[in-house]
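The structure appears right after this line, and notes come after that.
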Amino acid sequence: MIEDLLADNPIIAAVRDEDDLENAVKSKAKIVFVLFGDIINIPDISKKLMDNSKKVFIHLDMIGGLKADQAGVKFIKKYVNPSGIITTKTANIKYGNQQGLITIQRMFIVDSLSFKTGIKSLKDVSPNAIEVMPGVSADIIKRIREKVNLPIIAGGLVSQKSDIYSALDAGAVAISTTCRKLWNM
């Protein structure tokens, strides 16, 4: 399911503030990663996007006032009900899976150790997809593709069309970017 959704909508709008939110609502992007908000306004942010036919993914680790734990995941499911969650925390992937949310494990690959531990983590917690950061490293995307059979989203530092093409050619199925000019590709 998630692989088809990403393949059909390979450009993901990643929103960091209200101005980004307004632009994402008007954009062609059908998937939105919400990277801001707090427990007071996250239901409204999500509703606004869903009312405009967007698939919403909440980055749990970036929501103010929300402890990114089992209760936080339950809160997001009950009061926000997004399509899914994004998190760097492996426990939250498990909790999200239990709640029936699509789960995206965000991985920062900065050296060989983070690559090795990231691959082990993916195999242990079984997210529905992974977001690899930085997304401009085609070699890392290829190496991850060889190790795991999960949809890969390239994120971080993606600011040019060429970055998108490079990541997709390397095996990513989608790109998340805060670069508004790319949201309408």
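Contact annotation: residue pairs with Cβ atoms under 6 Å, 6 or more positions apart or on different chains, pairing a residue in segment 98-113 that is over 21 Å from Gly84 (Cβ atoms) with a partner that is of a type outside the set (S, T, N, Q), are Ile109/Phe115; Ile109/Ile140. For segment 152-173, the condition holds for no residue, the condition being that it is in contact with a Pro (Cβ under 9 Å, 6 or more places away or on another chain), polar (S, T, N, Q) and not in a loop (DSSP other than H, G, I, E, B).
Scan segment 61-83 for residues that are under 25 Å from Asp4 (Cα atoms), crowded, with 22+ Cβ neighbours inside 10 Å and either of a type in the set (D, E, K, R) or touching a Gly at 6+ places or on another chain (Cβ under 7 Å) (or both) and jot them down. Residue satisfying the conditions is Val73 alone.
One line per residue, one yes/no per condition, for (1) within 18 Å of Ser126 (Cα to Cα); (2) in contact with a Pro (Cβ under 8 Å, 6 or more places away or on another chain); (3) among the aromatic types (Phe, Trp, Tyr):
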| residue | (1), (2), (3) |
| --- | --- |
| Leu6 | yes, yes, no |
| Asn23 | no, no, no |
| Ala29 | no, no, no |
| Leu35 | no, no, no |
| Gly64 | no, no, no |
| Thr90 | yes, no, no |
| Tyr95 | yes, no, yes |
| Gln105 | yes, yes, no |
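Coordinate-derived values only; no laboratory data. Quantities reported herein were computed from a predicted structural model and do not represent experimental measurements. Note that each Cβ is placed from the backbone with ideal geometry, even for glycine, and that neighbours are counted across all protein chains shown.
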